[in-house]
Ligand SMILES: [Ca+2]
């Protein structure tokens, strides 16, 4: 059975896009015996995710670094379907008009009205031409001053004008008042695969980029913007105070290095620290607190393994000079979007981290201690059996998630 599981893991890049259309196999008794009791219910209902549990459980450096106590709250909530029929939506933003702005992985951008009407594609977005099915239009955020400048930022992957496949872009553009077209399209950064963007209080942009192609030569290279946290101004220039800017060989936009496939990033609502969640190849998903100039270790250290099941760097999990994750998950949840909940509608969840699981098909809620350690983990929405791509807090104080399927949805999590 172990070999079967490894084979499932090896197919990540090819198998994942069709995952939604294939019914996962039923779990075996052996698989069920290796997970928490509450996880068994999910396995029995939703089937075995590709990152199903096996016997690889590397020891953490710190005892609170993995397998946090399972918790629940008596926060009552209901899940409402806002829209359905979105084809593999990736990210969600909230327009002042009340409409939702949604990226569609293979297509671009659309809006959705509060009553679920999906618009035609917004004209002026880049054409997504790509050889790797998992890439395409990823993140969208509104500028802090969107109400006056109509500016949005996009993270996407396409074939470059010169024919280079899988080229990543960060771009800005202005959304027309009728929300039907983009103008003033400006490329801010070209090259590495960008996953998410967040904007700091000073308007500068943080971007997380992936290094998921073996043998992972970029994440540790200061000459590459891949496998990094980048920090740029809104016109695309690197921040002058970036830690490696004085190094003439380094990409001056690098803020931190050594990440693999970070798909979510958010500022802590109290400390304003920058947190990310990243996916290691197979198991070992990490929650990291990002500091400038720090090296987060991939692929030199990892609590996961490569997609073919082989150990990364001999299975090394710690090394002087390399940052340890705040928390890690084996087996993998395959995290994508993340947010801190700061609203009043769901008060029992205030200041929790929410993170969506793709193959894990769940919404994870994490409680942090004042010291920033994970002290509890709650698994939500497991009965839906949906790949959760993004989770955001709406201006109405409710939580919204989007699901990554050919008939993807926007779901609202509201008090009950
Ligand atoms: Ca790491």
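The values are calculated or read from the model by the stated rules, or taken from the named source; none is laboratory data. Being a predicted model, the structure only gives us computed values, none of them experimental. Because the Cβ atoms are built from the backbone with ideal geometry, glycine has one as well, and the counts that use them run over all protein chains shown.
Computed values, structure above
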item: Residue match in the stretch 199-214 (condition: over 30 Å from residue 352 (Cβ atoms) and either within 16 Å of the ligand (Cβ to nearest atom) or touching a residue at least 24 places away in the same chain (Cβ under 8 Å) (or both)); result: yes
item: Lone unmet requirement of (1) surrounded by fewer than 17 Cβ atoms within 10 Å (Cβ to Cβ); (2) within 23 Å of the chain's Cα centre (by Cα); (3) at pLDDT 95 or above for residue 21; result: (3)
item: Number of the exception - residue 272 against (1) over 16 Å from the mean Cα position of the chain (by Cα); (2) on the phi > 0 side of the Ramachandran plot; (3) within 14 Å of the ligand (Cβ to nearest atom); result: (3)
item: Selected residue (only one of 333, 391 is under 26 Å from residue 117 (Cβ atoms) and under 18 Å from the mean Cα position of the chain (by Cα)); result: 391
item: Top-ranked residue of the stretch 257-269 - restricted to ones that are more than 15 Å from the ligand (Cβ to nearest atom) and assigned to a loop (DSSP other than H, G, I, E, B), ranked as surrounded by the most Cβ atoms within 10 Å (Cβ to Cβ); result: 268
item: Close pairs from the stretch 294-314: first farther than 14 Å from residue 262 by Cβ and modelled with pLDDT under 90, partner assigned to a strand (DSSP E or B) and more than 10 Å from the ligand (Cβ to nearest atom), Cβ under 9 Å, at least 6 apart; result: 307/282; 308/282; 309/282
item: Unique match (being in contact with a strand residue (DSSP E or B) (Cβ under 8 Å, 6 or more places away or on another chain) and at pLDDT below 95) among 157, 140, 127, 112; result: 127
item: Filter pass, residue 243 being more than 24 Å from residue 357 (Cα to Cα) and either free of Cβ contacts under 8 Å to residues at least 60 places away in the same chain or away from the ligand (no atom under 16 Å from the Cβ) (or both); result: yes
item: Strands (runs of 3 or more DSSP E) enclosed by the stretch 72-112 - at least 2 residues per element that are surrounded by fewer than 17 Cβ atoms within 10 Å (Cβ to Cβ); result: 77-86
item: Test set (1) touching a strand residue (DSSP E or B) at 6+ places or on another chain (Cβ under 9 Å); (2) not in a strand (DSSP E or B) - residue 48 fails condition number; result: (1)
item: From 289, 300, residue being within 15 Å of the ligand (Cβ to nearest atom), assigned to a loop (DSSP other than H, G, I, E, B) and at negative phi; result: 300
item: Residue ID - nearest to residue 220 (Cα to Cα), chosen from residues in the stretch 305-322 that are within 13 Å of the ligand (Cβ to nearest atom) and crowded, with 19+ Cβ neighbours inside 10 Å; result: 312
